[in-house]
Protein chains: 2
Amino acid sequence: MSNPPAEIVEVLLGADRVLLATHTYPDGDALGSQLALGRVLESLGKRVFLYSEEPVGHLYDFLPGCDKLVNTLPDPGSFSCAVSVDCADSLRLGRERDRLLAIKPFIMVDHHAGHCPFGDFQWVDPGRSATGEMVYDLALALGGEIDYEAAYCLYTALVSDTGSFKYASTTAKTLAVAADLVSRGVKPAEVSGRLFDNFSFNRLHLLRLVLESLEIHSDGRVALIWATREMFTRTGTVPADTENFINYPRSVASVQVAAFIKESRDNVISVSLRSKGREVDVAAVAGEFGGGGHRNAAGFKLKGIGVEKIRAELLVRLEALLESC
Amino acid sequence: MSNPPAEIVEVLLGADRVLLATHTYPDGDALGSQLALGRVLESLGKRVFLYSEEPVGHLYDFLPGCDKLVNTLPDPGSFSCAVSVDCADSLRLGRERDRLLAIKPFIMVDHHAGHCPFGDFQWVDPGRSATGEMVYDLALALGGEIDYEAAYCLYTALVSDTGSFKYASTTAKTLAVAADLVSRGVKPAEVSGRLFDNFSFNRLHLLRLVLESLEIHSDGRVALIWATREMFTRTGTVPADTENFINYPRSVASVQVAAFIKESRDNVISVSLRSKGREVDVAAVAGEFGGGGHRNAAGFKLKGIGVEKIRAELLVRLEALLESC
């Protein structure tokens, strides 16, 4: 685990007007880290500009300060520096990527293992459970204030990127940071309620249909579920409503590999893969289909190929993968 | 939040042969607390006897040391003292209750709000998220060793009684204890995997059927699900497999009260009720049907009355409850 680099602390302490960005389609860690760092920098008297390509979706609009996000980018020359948080690849900065990177110096704070370096100063620590954990340490190194709102955003970042402290990335440090944030007034049940009790009746109906599609192969070691366009139409849902559905087949004790095939708009088929333990590397399988990811969580997208053909090819590959373990 | 009472620490330090018990049908907090305290006392040179009426079920048989639990009780006079952990009511000590309480002195350590006092020395702290959190403090007060196995049991206790740090009972102290336990070698993902990734394919099929039963009332504020005997038979499952199913209707944003009606063996109908927030008190409704519980989580059982009749009466009561809020 690394500490905030001294030069990043120095640049930020010397800055006057700071732009903060994160990746497109931001999740709880991305937004929580961005908003918290903004608040900490403001406590140090900096002027902060929070950039986001898209408005915050309904999943995260409870985050304090998210109304301050702006989707137009002023003259890059007007900033003392920029910081992107939780963004593993500059392509994920979105359509204003080039103008964002024109802000000098450009600082990058991220915890992803498959990070592609960009910008002028980098702090990448894959040993961290969330970028929020890094922003917490950065706030302390800057001597900024972590008030209730900043603590709330950071707690949301930790909880959303660790599945409420369940994932392998959770360390003693993660829990110690969480403890400190709660001592600043954050109510764990409130954040969890916002993040996890966000089902709609339509989403429950969709879950039922998706569970109906369950296929079991290789003596219960491979499980496959489906979401077709017809299911989305019938239940009034969209592909984003399937978040975490892959965890249902994954959570069966005998399952070593779970796959979720989704039919999105425009004939795009997206496939999520999950495996358990060190032996089964689903990133390798995703790679063969032009996708990528981590050993235990990967995926790919294909266009113009029939769902049934993908399913058949995928099953052959997954069964071969298990035999080779 | 209270500290371990000095007299309890004194009795335990002076004891030679200690009996440890917990409530019948023990959960993760009960077993984790019992096993951890046993290990801590052993590190202090005490002889420990771990009593349990029933063998440990498959949900918790991963706990280190659970093979040391014994279901026959030796002569009560042979012990220096007894400790019951996580047991709110002496009736829940099980069929050996009287012989257990004959052990003198009898110490009781528990975190339940609705605690009925028993025994000679009591430490009850409803401000604690889990009895495991209290056993951790007791271990430190005793100067005992919290080794990896004890830490693993205590971490399991915390995670299972807080739904992985999601419930309102989670405090900064809970998370700080968890951080310390992880620094002693516990892997959060391993414990979570054991506790939460324990679905069977049959249980997934049952979930699908139960979701099919979803009824929505009072403009989406009341949701009701069912599990009939026919569903259990069809999927090869038992009522215990429905654990946490009530959380599906509860997790819908608009829902204020969720009810789950289960048809068990012998024409017993058991009903679980959940509500959100301070306004809606489901314990009051459960009380009207002869049951009980907490404001946000309660239930009741009835025998010899038709399912449809219970459903109709319950809906009338729940709709009236919401109107009165």
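The values are calculated or read from the model by the stated rules, or taken from the named source; none is laboratory data. Everything numeric here is computed off the predicted structure, so don't read it as measured data. Here Cβ is always computed from backbone atoms with ideal geometry, including for glycine, and neighbour counts include all displayed protein chains.
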In region A:178-200, anything part of a helix (DSSP H, G or I) and either within 19 Å of the chain's Cα centre (by Cα) or at pLDDT below 95 (or both) is listed as A:A178, A:A189, A:E190, A:V191, A:S192, A:G193, A:R194, A:L195, A:F196
Among A:E323, A:E319, A:E288, the single one that is of a type in the set (D, E), in contact (Cβ under 8 Å) with a residue 40 or more places away in the chain and either touching a His at 6+ places or on another chain (Cβ under 6 Å) or over 21 Å from A:V210 (Cβ atoms) (or both) is A:E319
Only one residue in A:V56, A:V83 is assigned by TED's automatic domain parsing to the domain that holds A:A172 and at pLDDT 95 or above, so which one is that?
A:V83
From the set of residues in region A:302-313 that are part of a helix (DSSP H, G or I) and of a type outside the set (V, I, T), which is surrounded by the fewest Cβ atoms within 10 Å (Cβ to Cβ)?
A:E308
Odd one out for A:R295, checked against (1) free of Cβ contacts under 8 Å to residues at least 12 places away in the same chain; (2) surrounded by fewer than 16 Cβ atoms within 10 Å (Cβ to Cβ):
(1)
Condition first: more than 7 Å from chain B (Cβ to nearest Cβ) and surrounded by fewer than 18 Cβ atoms within 10 Å (Cβ to Cβ). Now tell me which residues in region A:167-176 satisfy that.
none
Does B:V159 satisfy the criteria of being within 12 Å of chain A (Cβ to nearest Cβ) and either under 15 Å from A:A176 (Cβ atoms) or more than 18 Å from the chain's Cα centre (by Cα) (or both)?
no
Looking at region B:203-214, is at least one residue crowded, with 20+ Cβ neighbours inside 10 Å and small (G, A, S)?
no
Among the residues of region B:182-201, is there at least one that is crowded, with 19+ Cβ neighbours inside 10 Å and in contact with a strand residue (DSSP E or B) (Cβ under 8 Å, 6 or more places away or on another chain)?
yes
How many of the residues making up region B:209-221 are within 12 Å of another protein chain (Cβ to nearest Cβ), outside any loop (DSSP other than H, G, I, E, B) and within 24 Å of B:V316 (Cα to Cα)?
8
Go through (1) closer than 18 Å to A:Q34 by Cα; (2) among the basic types (K, R); (3) at the interface with chain B (Cβ under 8 Å from one of its Cβ atoms) one by one and return the number of the condition A:R128 breaks.
(3)
Is it the case that B:R234 is more than 21 Å from A:V252 (Cβ to Cβ) and either surrounded by 18 or more Cβ atoms within 10 Å (Cβ to Cβ) or more than 7 Å from every other protein chain (Cβ to nearest Cβ) (or both)?
no
Would you call B:E319 in a helix (DSSP H, G or I) and in contact with a Ser or Thr (Cβ under 7 Å, 6 or more places away or on another chain)?
yes
Are any residues in region B:182-208 facing chain A (nearest Cβ under 8 Å) and without any contact (Cβ under 8 Å) to a residue 12 or more places away in the chain, and if so, which ones?
B:S183, B:K187, B:A189, B:G193, B:D197, B:F199, B:F201, B:L204, B:R208
For A:E145, are the conditions met, namely being within 14 Å of another protein chain (Cβ to nearest Cβ), acidic (D, E) and either crowded, with 24+ Cβ neighbours inside 10 Å or not in a strand (DSSP E or B) (or both)?
no
Being within 8 Å of another protein chain (Cβ to nearest Cβ) and of a type outside the set (S, T, N, Q) is the filter here, so list the residues in region A:237-252 that pass it.
A:Y248, A:P249, A:R250, A:V252
Flag for B:S264 being outside the structural domain of B:P126 (by TED's automatic domain parsing) and either closer than 27 Å to B:S169 by Cα or at pLDDT 90 or above (or both):
no
Could you check region A:47-97 and list, in sequence order, the residues that are of a type in the set (D, E, K, R), over 21 Å from A:L195 (Cβ atoms) and out of contact with any helix residue (DSSP H, G or I) (no Cβ under 8 Å at 6 or more places or on another chain)?
A:R47, A:E53, A:D75, A:D89, A:R92, A:R95, A:E96
Residue ID - farthest from A:P188 (Cα to Cα), chosen from residues in region A:127-142 that are surrounded by fewer than 19 Cβ atoms within 10 Å (Cβ to Cβ) and among the small types (G, A, S):
A:A141
Could you please find all residues in region B:222-231 being part of a strand (DSSP E or B), over 13 Å from B:L318 (Cα atoms) and more than 10 Å from chain A (Cβ to nearest Cβ)?
B:W226, B:A227
Every residue in region B:65-84 that is in contact (Cβ under 8 Å) with a residue 60 or more places away in the chain and among the polar types (S, T, N, Q), please.
B:S78, B:S80, B:S84
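Answer with yes or no whether A:D241 is in a helix (DSSP H, G or I), modelled with pLDDT under 90 and not small (G, A, S).
yes
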Looking only at region B:21-50, which residues are buried (at least 24 other Cβ atoms within 10 Å of the Cβ) and in a strand (DSSP E or B)?
B:A21, B:T22
In the list A:A179, A:A151, A:A82, which residue meets the criterion of being within 13 Å of chain B (Cβ to nearest Cβ), closer than 28 Å to A:G14 by Cβ, in contact with a Leu (Cβ under 8 Å, 6 or more places away or on another chain) and not basic (K, R)?
A:A151
Scanning region A:253-301 for residues that are within 13 Å of another protein chain (Cβ to nearest Cβ), part of a strand (DSSP E or B) and within 17 Å of A:L315 (Cβ to Cβ) gives A:A258, A:R274, A:S275
Working only within region B:238-282, note down all residues that are hydroxyl-bearing (S, T, Y) and either surrounded by 20 or more Cβ atoms within 10 Å (Cβ to Cβ) or touching a Pro at 6+ places or on another chain (Cβ under 6 Å) (or both).
B:T242, B:Y248, B:S251, B:S264, B:S272, B:S275
